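Asker: The structure that follows is given in the form of structure tokens.
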Amino acid sequence: VDCLLAPTAPIAAPKIGQSSVSIDGKDHDVRLATTRLVRAANLLGLPAVSIVSGFNRQGLPLGVQITGRPFEERLILRLAAALEDASEYYQKVPPLDRQASSKDLSTRKPLRLADGRGCRPGSHAHPP
């Protein structure tokens, strides 16, 4: 097995400022709920990346986590880029609650990759 694909979280992305979520009729802390499925990779030190895999009825993103074998970062990043290219989900912007959001995505600073290349949040960058 080269990599494992699994849901990133048991729910869609929560709304900005949301502190609890309901899963199967039970309330959960939003931070604990949204990180529960990614903890294993973190604890084991495995490389993992999460990408958007779709949207729920409210337009909020759903994620898939790609986990690889130790030191296989290049493989999982290439797979993530290929899946993004095939789906184009990365181009869709979820509805934002302007009252809860303090920053507009278009005013955020560009991200810098380890090799010095930059990309704007929301743009699509391929790993080498």
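Asker: If you roll a 1.4 angstrom probe over the protein chains with everything in place, what fraction of the accessible area of the stretch 1-96 belongs to carbon and sulfur, to the nearest %?
Answerer: In the stretch 1-96, the share of accessible area belonging to carbon and sulfur is 55 percent.
Asker: What order, most packed first, do the peptides 25-32, 42-49 have when packing is the mean number of other Cβ atoms within 10 Å of each residue? The partial results should precede the final answer.
Answerer: Numbers: 25-32: 11.5, 42-49: 14.1.
For the peptides 25-32, 42-49, the packing ranking is 42-49, 25-32.
Asker: Note the full-extension length gain between HIS28 and LYS15 as 0.36 nm times their separation in residues minus their Cα-Cα distance, in nm to one decimal.
Answerer: Contour length minus the Cα-Cα distance gives 3.2 nm.
Asker: Could you tell me the distance between the Cα centroids of the stretch 81-95 and the stretch 3-57, to the nearest Å?
Answerer: Here the answer is 18 Å between Cα centres.
Asker: Evaluate E = 1/(1 + (r/R0)^6) for GLN91 and ALA6, where r is the Cβ-Cβ distance and R0 equals 22 Å; express this FRET efficiency to the nearest 0.05.
Answerer: For R0 = 22 Å, the calculated efficiency reads 0.40.
Asker: Name the chymotrypsin sites (Phe, Trp or Tyr not before Pro) in the stretch 1-99 that are in a loop by DSSP and that have at most 15 other C-beta atoms within 10 Å, would you?
Answerer: PHE71
The values are calculated or read from the model by the stated rules, or taken from the named source; none is laboratory data. Just so it is clear, the structure is predicted and the values come from calculations on it, not from any experiment. Note: ideal-geometry Cβ built from the backbone for every residue, glycine included; neighbour counts use all protein chains shown. All accessible areas refer to the heavy atoms of the entire protein, side chains included, with ligands and DNA or RNA removed. Shrake-Rupley method; radii C 1.70, N 1.55, O 1.52, S 1.80 Å.
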